[in-house]
C-alpha cells in the first residue's frame with residue numbers, strides 16, 4: 001500500500017461539463033414525456049376539504065390531476081430507517097405542502113392547470129417561529145467529558161455569550177426534479193440525488209414495489225450540499241403519475257416550492273461559557289444549544305460534534321434540544337452542525353483571547369488536543385496546529401496589531417484580520433465495487449458514490465490511474481445508479497474516503513488477477529489493455545468489498561439493503577476528524593458599513609489529498625459558503641401565514657462573484673494511516689467550518705464590535 | 001434585465017405572438033433542411049397550444065418550430081430542440097444558468113420568450129466549440145478548474161465570452177462585477193475570474 005502524494009490532474013469530467021454535455025437528471029431525453037406541476041397548500045396547518053379539478057381539466061393539454069385519493073396509504077413504520085416522505089395527503093403540516101399534481105402534454109399547460117386549481121381547506125392554529133407560543137422543547141442526550149462544573153469553579157477568567165445562526169436554504173442551482181418512466185413493470189427514475197438508494201427505498205415502500213422493480217439514476221448532480229441526501233417529497237408523487245398514466249412524467253420543482261418542501265438548515269442558538277485558568281489556558285466549557293425543528297423531524301441537534309475536538313479542553317458539558325414547531329422538516333446543509341457551532345465556539349474562543357489580552361493565534365496554539373474528551377480516545381491524526389502555523393505564515397499574521405480598530409485606511413475603511421478554526425468528523429461506509437479492464441482499451445469501475453461537483457470521480461480516477469497501467473480516456477466510473485452497484489448516501493464528507501479505498505483494493509485485486517493470468521510469464525509489452533490483447537483475453541473483472549475501521553458483515557449487509565451504513569468519527573481504537581484554519585481580512589466601508597472580504601487563506605488537514613485540484617476547489621467553495629452564510633443568507637419565516645417569505649434567489653441573497661476576493665488554499669497533506677491505507681479523511685464539509693468565526697473575529701478586529709448573530713448586516717455596524 | 005433584447009424582431013409583434021398568428025419569412029433564412037435534421041432534433045407532432053411558427057437560427061442552423069406562444073427560449077431549447085446545455089436554475093432571471101447569446105448578446109433565456117427569437121441568431125453552449133476544438137474559454141475553465149458540479153457552467157461560459165467581447169474583462173474587480181449575474185453555488189468564482197482573465201490577457205479573439 002502506498003500513500004505518496006498525488007499529482008495535479010484536471011477534473012475528470014471537466015471537458016463534458018464545459019461542453020454542456022454532462023447529463024443532469026432533467027436533461028435526460030425520454031420519448032413521449034408528459035410534464036407535471038405541483039399545487040402547493042396555502043395554509044400552514046390543517047386539512048384539505050376539497051380539490052376541484054374541473055378548471056384544470058378544461059385546460060388544453062392537461063391529462064390528469066392527481067390528488068390524495070390517487071395514492072396508497074402511507075407504509076407502516078418500523079424496519080428500514082425513517083419513514084419515507086409522504087406523497088399527497090389531506091393533512092397539511094406546513095405551508096407549501098403539495099396538495100395536487102397536474103400532468104399535461106406540455107409544461108405550459110401543466111403550469112396553467114396547476115394555477116387553475118383552488119383547493120379549499122380547514123385551517124388550524126399553527127406555530128411559525130421558535131420564539132412563539134406553542135413551541136415543544138425536546139432535550140436530547142448531553143455530551144459530557146470530565147466535570148465541567150468543577151473545572152469552571154476553578155477558572156479565574158470566564159466568558160459567556162449567546163450566538164445565533166439563522167434558518168438557511170441550500171439552493172443548489174440545479175432545482176429538484178424527477179423524471180419517472182414505468183415500462184414493463186420496472187420503474188426507472190432519473191433524479192439529482194445524493195442518495196439514489198434512499199430514493200429507491202422510499203419508492204419501494206411508498207408504491208409497494210420490489211427491489212427489482214425500481215432503478216434510480218443520478219448521473220450528475222447540479223449541487224447537493226445535503227439538500228439531495230434524503231428521499232425527496234416529489235419523487236413518489238411523480239412516479240405514481242407515470243405508473244397511473246403509463247407514460248413518462250417529468251417534474252422540475254419551481255424554486256419557491258423547493259424552499260417550502262426541501263429540507264433547510266434550522267435556526268439554532270448557542271449559549272457558551274468558557275473558563276480559563278491563571279495561565280490563560282481554557283479548562284472548562286458549558287454549552288447549551290437548541291434548534292428549530294418540525295413536529296416529526298429527525299435532524300439531530302448534534303452541535304457538540306466538533307467543539308470538544310478542537311483545543312484539548314477535558315472538562316466539557318454540552319446540552320442540546322429541539323424546538324418543535326409547524327414547519328417542514330429541517331435537515332443536513334453543508335457542515336450541518338459544525339458550521340454554526342464553529343461560528344459560535346470559535347467566536348467565543350476569540351472573545352476569551354481578547355479578554356486575556358493574548359493574540360488569538362498564539363492563544364489557539366497554547367491548546368493542543370490529543371484525546372477526544374467525550375469518548376476518551378486518542379485522535380488518529382490532529383494537525384490543527386500545522387494548519388494554523390502554515391496559514392499564519394502565508395497570511396502574514398505576524399504583522400497584525402493586537403488592538404481592535406487599529407488599522408484605518410485614509411478613506412476611513414476599517415481593516416481587520418481574524419482567524420477561525422473548525423473540525424468535521426471523518427466517516428466511512430462499506431463499498432462493494434467491481435472493476436473490469438478490457439482488451440479493447442476500456443476500464444469500468446462501478447461502486448457506491450454520487451458526483452455533485454466535489455470531485456469523487458476525479459479521486460477514483462487518481463487512484464486507478466496511479467495503481468494500474470490503464471488508458472484514462474477509456475475509463476468509465478459508474479456511480480450514482482442503483483443498477484450498477486449497491487449505493488449509499490454520499491454526504492458528510494465520507495464519499496472520497498469510502499470510494500478510494502475500494503478503488504485501491506480493486507486495483508490490487510486486478511493486478512493479482514493479471515498475475516494469475518500470466519502464471520509466471522513475463523508481462524507482455526504495453527498497458528494492461530495491450531497485455532490482455534496479447535494473451536487473448538477480452539477482459540478481467542474483479543469484485544471487492546471494503547469496510548471502515550471496526551466495520552464488518554453487519555454494515556455490508558446494511559449497504560446491500562440500501563440503508564445507512566456509516567461509521568465514525570469514533571472508532572474502536574481512535575477518534576478521527578479533519579481540521580481547518582482560516583485567516584480572513586475584512587474591510588468595513590466607512591459610510592455604508594458594508595463588510596467586504598478581499599482575502600482569505602485556508603489550510604486544511606484532510607489527511608492525504610487525493611485530487612489536489614478538485615480539493616483546492618472544494619476548500620474555496622467552503623470559504624464562499626461561509627462568507628455567504630455569515631454576510632448574506634437568512635430565510636425569513638412569515639409569522640402571519642407560515643412558510644418562507646424570501647423564497648427566490650432575488651430575495652434569498654447568496655454570495656455572487658463580486659462578493660468574493662482572493663482565496664489562497666493549502667493542505668497539510670499528511671496521511672491518516674490509522675483511518676485507511678491511503679490516509680484520506682474528508683474535506684467538503686470541514687472546508688466551511690470555522691470560516692464564519694474568522695469573519696466575525698476579523699470584523700471585531702476592524703471595528704471593536706462583536707457580532708454574535710449571523711448574517712452580519714450593515715445595520716449591525718451602524 | 002435584458003429588456004432591450006425584448007424588442008420584437010421583424011415579423012413578430014407582441015400581438016401576433018399572443019394571437020398565435022403565424023409570422024414567418026425573413027430573407028435571412030435560407031434553410032438547409034438536411035443540415036438542420038442533422039443537428040437539431042425534429043419537432044414532435046403538433047402539441048396542445050402550439051400555434052406559433054418561428055424559425056430561430058440556433059447555433060448556425062435554422063430551427064423551424066411551432067410553439068405555444070408562452071414558451072420561454074429556455075424551454076424551447078431544452079424541451080423541444082434537445083439542447084440541454086442551458087440550464088434552469090430559477091426560471092426567474094435570477095441565477096444566470098440559462099445564459100445564451102441572442103444576436104451576440106447575453107440574455108437570460110428563461111426570461112426571453114421563444115417567440116422573440118424568430119429570425120435571430122441564438123448561440124448556446126453546444127455551439128461554442130468548433131468540432132473537437134474547444135473554445136478558448138472552455139479550455140480556460142478546465143485549466144483553472146472554474147467549475148465544480150458544472151450545472152451553472154454553460155451559463156457562466158456564455159456570460160464569460162460575452163464579458164470579454166463587451167470589453168469588460170479588463171481587470172479582476174471589473175470581471176467580478178460583470179459576472180455577478182451568474183450564481184455559482186459551489187463557489188468556483190475564483191477560478192471563473194482566473195479563467196476569464198487568462199483568456200482576456202492572451203488577447204485572443206473570442
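The values are calculated or read from the model by the stated rules, or taken from the named source; none is laboratory data. Because the structure is predicted, anything quoted here is derived from the model rather than measured. Positions of Cβ are backbone-derived with ideal geometry, glycine not excepted, and every protein chain shown enters the neighbour counts.
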For the range A:332-346, give me each residue that is farther than 10 Å from residue A:304 by Cα and either at pLDDT below 95 or not in a helix (DSSP H, G or I) (or both).
A:332, A:333, A:334, A:335, A:336
Filter result for residue A:369 (modelled with pLDDT of 95 or more, part of a loop (DSSP other than H, G, I, E, B) and farther than 24 Å from residue A:507 by Cα)
yes
Reported set for the range A:379-392 where residues are within 22 Å of residue A:284 (Cβ to Cβ) and either without any contact (Cβ under 8 Å) to a residue 60 or more places away in the chain or in contact with a strand residue (DSSP E or B) (Cβ under 6 Å, 6 or more places away or on another chain) (or both) is A:379, A:384, A:385
From the residues in the range A:641-655 that are surrounded by 20 or more Cβ atoms within 10 Å (Cβ to Cβ) and within 12 Å of chain B (Cβ to nearest Cβ), which one is farthest from residue B:188 (Cα to Cα)?
A:647
Exactly one of A:84, A:74 is loosely packed, with under 15 Cβ neighbours inside 10 Å, at pLDDT below 95, in contact with a helix residue (DSSP H, G or I) (Cβ under 8 Å, 6 or more places away or on another chain) and in the same structural domain as residue A:248 (by TED's automatic domain parsing), and that residue is A:74
Could we say that residue B:133 is touching a residue at least 12 places away in the same chain (Cβ under 8 Å) and either more than 8 Å from chain A (Cβ to nearest Cβ) or surrounded by fewer than 23 Cβ atoms within 10 Å (Cβ to Cβ) (or both) here?
no
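Quick grid of which residues meet (1) surrounded by fewer than 24 Cβ atoms within 10 Å (Cβ to Cβ); (2) more than 20 Å from the chain's Cα centre (by Cα); (3) in the same structural domain as residue A:85 (by TED's automatic domain parsing); (4) over 19 Å from residue A:456 (Cα atoms):
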{"site": "A:150", "(1), (2), (3), (4)": "yes, yes, no, yes"}
{"site": "A:158", "(1), (2), (3), (4)": "yes, yes, no, yes"}
{"site": "A:176", "(1), (2), (3), (4)": "no, no, yes, yes"}
{"site": "A:217", "(1), (2), (3), (4)": "yes, no, yes, no"}
{"site": "A:227", "(1), (2), (3), (4)": "no, no, yes, no"}
Only one of (1) under 16 Å from residue A:198 (Cβ atoms); (2) within 14 Å of another protein chain (Cβ to nearest Cβ); (3) in contact with a helix residue (DSSP H, G or I) (Cβ under 8 Å, 6 or more places away or on another chain) fails for residue A:479. Which number is that?
(2)
Given the options B:167, B:82, name the one that is closer than 30 Å to residue A:61 by Cα, out of contact with any helix residue (DSSP H, G or I) (no Cβ under 9 Å at 6 or more places or on another chain) and not in a strand (DSSP E or B).
B:82
Select from the range A:233-259 the residues that are surrounded by fewer than 24 Cβ atoms within 10 Å (Cβ to Cβ), away from chain B (no Cβ under 14 Å) and not in a loop (DSSP other than H, G, I, E, B) and list them in ascending order.
A:243, A:244, A:245
Specify the residue that is nearest to the other protein chains (Cβ to nearest Cβ); the eligible residues are those in the range B:178-201 that are out of contact with any helix residue (DSSP H, G or I) (no Cβ under 7 Å at 6 or more places or on another chain) and farther than 18 Å from residue B:98 by Cα.
B:194
Only one of (1) facing chain A (nearest Cβ under 9 Å); (2) surrounded by 24 or more Cβ atoms within 10 Å (Cβ to Cβ); (3) over 13 Å from the mean Cα position of the chain (by Cα) fails for residue B:115. Which number is that?
(1)
Out of (1) at positive phi; (2) away from chain A (no Cβ under 11 Å); (3) without any contact (Cβ under 8 Å) to a residue 40 or more places away in the chain, what's the single condition that is false for residue B:150?
(2)
When restricted to A:654, A:695, A:699, the only residue out of contact with any helix residue (DSSP H, G or I) (no Cβ under 7 Å at 6 or more places or on another chain), assigned by TED's automatic domain parsing to the domain that holds residue A:586 and either under 23 Å from residue A:361 (Cβ atoms) or assigned to a loop (DSSP other than H, G, I, E, B) (or both) is A:699
Among the residues listed as B:82, B:60, the single one being at pLDDT 95 or above, over 16 Å from residue B:119 (Cα atoms) and surrounded by fewer than 20 Cβ atoms within 10 Å (Cβ to Cβ):
B:82
Among the residues of the range A:518-529, are any in contact with a helix residue (DSSP H, G or I) (Cβ under 7 Å, 6 or more places away or on another chain), surrounded by fewer than 19 Cβ atoms within 10 Å (Cβ to Cβ) and part of a helix (DSSP H, G or I)?
no
Could you figure out which of (1) within 11 Å of chain B (Cβ to nearest Cβ); (2) over 21 Å from the mean Cα position of the chain (by Cα); (3) crowded, with 18+ Cβ neighbours inside 10 Å isn't true of residue A:671?
(1)
Yes/no for residue A:609 being outside any loop (DSSP other than H, G, I, E, B) and either under 30 Å from residue A:658 (Cα atoms) or at pLDDT below 95 (or both)
no
If we scan the range A:577-589, do we find a residue that is surrounded by fewer than 24 Cβ atoms within 10 Å (Cβ to Cβ), in contact with a strand residue (DSSP E or B) (Cβ under 9 Å, 6 or more places away or on another chain), under 30 Å from residue A:386 (Cβ atoms) and within 14 Å of chain B (Cβ to nearest Cβ)?
yes
Test residue A:712 against the criterion of being part of a loop (DSSP other than H, G, I, E, B), under 19 Å from residue A:589 (Cβ atoms) and touching a strand residue (DSSP E or B) at 6+ places or on another chain (Cβ under 8 Å), and give yes or no.
yes
Looking only at the range B:153-177, and only at residues there that are more than 9 Å from every other protein chain (Cβ to nearest Cβ) and more than 21 Å from the chain's Cα centre (by Cα), the one that is surrounded by the most Cβ atoms within 10 Å (Cβ to Cβ):
B:174
Qualifying residue in the range A:569-582 (condition: farther than 22 Å from residue A:380 by Cβ and in contact (Cβ under 8 Å) with a residue 60 or more places away in the chain)
yes
Can you tell me which residue within the range B:118-130, out of those that are under 9 Å from the mean Cα position of the chain (by Cα) and more than 10 Å from chain A (Cβ to nearest Cβ), is nearest to residue B:205 (Cα to Cα)?
B:123
Please work out if residue B:126 is part of a helix (DSSP H, G or I) and closer than 24 Å to residue A:654 by Cβ.
no
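Please find, among A:164, A:181, the residue that is surrounded by fewer than 19 Cβ atoms within 10 Å (Cβ to Cβ) and more than 14 Å from chain B (Cβ to nearest Cβ).
A:164
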